[in-house]
Structure formats: structure tokens, C-alpha cells
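The values are calculated or read from the model by the stated rules, or taken from the named source; none is laboratory data. Keep in mind that what you see is a predicted model, and the values were worked out from it rather than measured. Glycine also receives a Cβ, built like all others from the backbone with ideal geometry; neighbour counts cover every protein chain displayed.
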Amino acid sequence: MVSKIDRVLQEYPPRYGPEWGSGGIFGLKYFKGVLYYTLAFEASAYFVDDEVVEYRFSELGPGPASGGDTYNAVDVVDDKIYFGGWVHNPAVFKGKKNHAGEIDFRNKYSHVHVYDVKEKNVRLIWKESIHDEFRWAGEVSQIIYDPVRDVLLIGRADGMENLGVYELSRDGRVFNKLSGVPALKGSLYLDYACFDMQPDWMRGIDGIQCLDLVRRVWVRHEIRDWAKASLDSYGVSYRTSGYAVSAYTRYWHFMRGGILVGNPVEPEVEEPVFVRLFDFGMNVYAPHRSNALNLGGGILAVFNASTHGFIHPHKDDVEEVNLRKYYNNVVAPTTLVYITPPQARIVAVFGARITSMTKAGSRVLIAYNTTPNLGGKDSTPIDGGVRGIMSVDEYALVSSNNPPLTIRVPGWAVSNACFGGIPLTGFKEAELVVRSSKPNEILINIYDIGLPPLNYGSEKLELNSGVNKIDLRSYKDIVSFKLEKPDENALINIYLR
């Protein structure tokens, strides 16, 4: 067991793989003695047991390939590992103009493959491409095994055509569309399969759609007023989907800004509530392109510091230049949060981003990357990140002392919207420092992540022009903040020790 893990605890330096910025190591899954993962953007799938099987997506084209998976689309059934995503094969880099580069999408395929653990072979069971230079078919971003019908449910939201939820037979012969609402991520919940509803990437999640696996009907919970759904009574913008899990008979959907938790099928039993966590306004700090683990009965969740960014906008207009400013502002390290209601506790901090995790024996394998996925005209012929896998003891991870954490939020990123959602549990020292350019007030909201989540109220404090130091040690659980008046020149720091 140790030798298997040691064999993959290595770094992957930048290599050929035309795409935007960097991909990562996705789909980590330890199953029946086999460790699977896909290295993106090189488009290499690995299956590790007593030997290492490498698959370069040759069933999609002659190569060289790029891509693979960037959403952890994987599930396991019997002796099979089903894995999906997207692949350029062959990949076509169109070249550079000055510092900007572009790729051709005509050979981009969405795919689902299966690996047979006993036979040690890979087989393509489904693929699709619209063969367009600039547009692509919805990537496979989620695979959920439906144990009632013995089929695979496929979530697709990243793309321009063929989006929604699909049903794929395990042999790949039958492929049917079940929902036309774009769905990026989801999870089994009781005897339902639930997915987000994300028709607009900038706006983000509009609610949750759940397929009754017995009756084969959809139940949809749409949220029209996010301030009303929010535990701290304030709205949330840019609610882009991260990942989902089921625990404590609740459905948990992680998104930029926090978590939606509750019962989306029967909201009259417990209406889903938005709990703000690590919301830093116009910023990409989010649980994007990663996954959570059900560990020790709780939830080990990732909030990434730098998953998306771009350097060269499509256009030189004010809006895109401002997006570059927002996307490239790193406010805090990546955090791992262990949620055991009613508490959430920060148990580890990392660099740019964690792309995938899996449990292997008593270890947790964590895949990391130094570089975000880029956009605009930032295509390059190589993957620009250093990616790797590290191993930690599972009990040590969830029981260790809190790591020190520094957060730096510029006033222009949050204006006078509610922000934060910082878990204070386990820290001995906690300080909020606001460098204000004018007299102002700050609201501090206090709440937990119990089931159901509970709001303990709020306090309003005055801010002077200059440096304001606020001791947070008297506050417990989770705190969010709101400036009374926008202050673009303010600088807000949170120091946790």
C-alpha cells in the first residue's frame, strides 16, 4: 500500500498540452486497490496498482492530445471506474500574436471512458464533438451512478451546446437527455440525484434540480431571493458552482461565496439555507474545480485561492480589464475546512489550489497545482503549472491545531456588500484590522453551521479614518462583515493564529 502511494507522490512540471493556463490532477479515486487520476492538460490518465497503466486518450484521435478532465468527473461501480471530461485530439495551437495565444476547438471531444479493474484495460464508451473552431459541446463535469436504473447520470454546463443532465447506459449504447437546464456538479441525495441549475456562468447557481430515481420525475428548488435564503440576510453574487455532497440527510452544494444546505426536494421539511463562507466579493476565491470528502462522518471541503484568472482579455474594454484586476487578486491561501455541525474548522492551508482529493487507507491523497486555469487570449502550447500529489494522515489532518491564516481584502472588491464567512473555531488569536480612508461603520454577523444553521445576531462598530483594530476573540463560530458605506481605498486584514 505504501509503495503504491509513494509511486505517485511526485511533481509534474510544465509539459506540452495546448489550452488555457494550467489544468491539474483530477479525478483522484482509490478503488479496490487501484488509484486513478487524470493529468491535465497533458491528457494522461493513470491507473496505479502493482504496475502503472497510462492512457493518452488514443481512442479519441491520433494525438498529440490535451485536456482530460478539470471537474473530477468520476464514479465507481462493481469492478469499473467510469471517468469523463473533455479532450482535444489532436490538439491544435493556433499560435501567438504579440503575447496572446489561441487554440482551435474543432477537435475538442466530451467523453466517458471505463477502466476495468480486473482486466486492466480502458475502453471509450461515449464521445461527442460539434467540431467548431470557437465553440464546444458541454464538457462532462459530473458522473453519478444511478443504482436504481443501473445507469450513469451525466452533468454538463461548461460549453455552448448540449448542456443539462443526461442518462448514459453503462455500455454506452443509450444516451438520453433528461434535463435541459445546464448542470455542472451534483450528488446523490437520499433516493434522488441532485444537480445545480447554472444557465448563466457569471450569475451562477439559480437553484437545485433533483431527479427522483424511483418515479423518474424532476423536483426543482429555485431561489429567487438570495438575501432571503441567506443566513446573514444579505445576498451573494457570482454564485458559480463548486461541488456537492450529501451528509446528515441534507444536500450540501458548495459555490463561490459559501454553501447551500438543506432539503431541496421537500423545502417544507427544511428549506435550503445559504451559509456564507470565504466570500470576498469580486474575487475568484472559491470551491471551484475541486471536490469534498466525506471523512470521519464529517465533510472535508476545499476553498481555492486561485482557480481562474486571465492576463490577456479578449477585448481591451473597461469591463474585461477590470475582470483581470479582480481575477488576479489573491486574498488568502487555499484552505481545507472540516465541517462537523454545528462547527466548521480550518484544518490546513495550501498554495494556489487543490484540484482533487481521495481517501486511500488511513491516508488522504491531495492533488495540488501552482497555476490557475486562464481565459481570454491566454492559450499556450504547454500546461504552465507545477502539479503534484501529497499524502497526509487522515486523523492528523482533522485533529491537528489550526494553521495560521492571513486574509487581505481590498475595499474595491467588496464595496458595501456582505463578505467573509470566516470560521473562528479553534483559533486562540483572531484580529480584524480595517485601514479605512474615511469614518465608517462595520457590521459583524455571527452564525454557525449547525443543522439547521443558526444566526446569533450582529453587532455594529464604528470605524475611524485610519487604522482600526478589532479583537475577534470574543466572537465564536463564523463571522461575516459589511461596511456601511463603500470604501474603495480601504484595506481589510484578518489575522488568525
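Quick notes
- Qualifying residue in the range 375-390 (condition: over 19 Å from the mean Cα position of the chain (by Cα), surrounded by fewer than 21 Cβ atoms within 10 Å (Cβ to Cβ), in a helix (DSSP H, G or I) and at pLDDT 95 or above): no
- Condition broken by Glu268, with the remaining ones in (1) surrounded by fewer than 19 Cβ atoms within 10 Å (Cβ to Cβ); (2) at pLDDT 95 or above; (3) under 30 Å from Glu102 (Cα atoms) satisfied: (3)
- In the set Arg224, Arg276, only one residue is modelled with pLDDT of 95 or more, closer than 19 Å to Cys418 by Cβ, crowded, with 23+ Cβ neighbours inside 10 Å and basic (Lys, Arg); that residue is Arg276.
- Scanning the range 37-64 for residues that are part of a loop (DSSP other than H, G, I, E, B) and in contact with a Phe, Trp or Tyr (Cβ under 7 Å, 6 or more places away or on another chain), we see that the one that is surrounded by the most Cβ atoms within 10 Å (Cβ to Cβ) is Ala43.
- Candidates Asp232, Asp212, Asp206, filtered to the one that is farther than 21 Å from Met282 by Cα and touching a strand residue (DSSP E or B) at 6+ places or on another chain (Cβ under 7 Å): Asp212
- Exclusive hit being at pLDDT 95 or above, touching a strand residue (DSSP E or B) at 6+ places or on another chain (Cβ under 6 Å), of a type in the set (A, V, I, L, M, F, W, C) and not in a strand (DSSP E or B), set Ala332, Ala344: Ala332
- Whichever residue in the range 234-275 is within 19 Å of Ser306 (Cα to Cα) and of a type in the set (Lys, Arg) and, among such residues, is nearest to the chain's Cα centre (by Cα): Arg256
- Flag set for Ser437, criterion: among the small types (Gly, Ala, Ser) and either in contact (Cβ under 8 Å) with a residue 12 or more places away in the chain or in contact with a Phe, Trp or Tyr (Cβ under 8 Å, 6 or more places away or on another chain) (or both).
- If you go through the range 125-162 and keep only what is under 24 Å from the mean Cα position of the chain (by Cα), of a type in the set (Phe, Trp, Tyr) and closer than 14 Å to Gly84 by Cβ, you end up with just Tyr145.
- Options Gly207, Gly235; residue that is at pLDDT 95 or above and on the phi > 0 side of the Ramachandran plot: Gly207
- Selected residue (only one of Phe310, Phe274 is in contact with a helix residue (DSSP H, G or I) (Cβ under 7 Å, 6 or more places away or on another chain), in contact (Cβ under 8 Å) with a residue 12 or more places away in the chain, of a type outside the set (D, E, K, R) and under 22 Å from Leu454 (Cα atoms)): Phe274
- Just one of (1) buried (at least 20 other Cβ atoms within 10 Å of the Cβ); (2) outside any loop (DSSP other than H, G, I, E, B); (3) not β-branched (Val, Ile, Thr) fails for Tyr395. It is (1).
- Of all residues in the range 282-300 being within 23 Å of Ala157 (Cα to Cα) and over 11 Å from the mean Cα position of the chain (by Cα), the one that is surrounded by the fewest Cβ atoms within 10 Å (Cβ to Cβ): Met282
- Selection from the range 349-365 of residues that are more than 14 Å from the chain's Cα centre (by Cα) and in a strand (DSSP E or B): Val349, Phe350, Thr358, Lys359, Ala360, Arg363, Val364, Leu365
- In the range 348-359, residue nearest to Gly426 (Cα to Cα) [restricted to those that are of a type outside the set (Ser, Thr, Tyr) and surrounded by 20 or more Cβ atoms within 10 Å (Cβ to Cβ)]: Ala348
- Any chance Val414 is touching a Gly at 6+ places or on another chain (Cβ under 6 Å) and touching a residue at least 12 places away in the same chain (Cβ under 8 Å): yes
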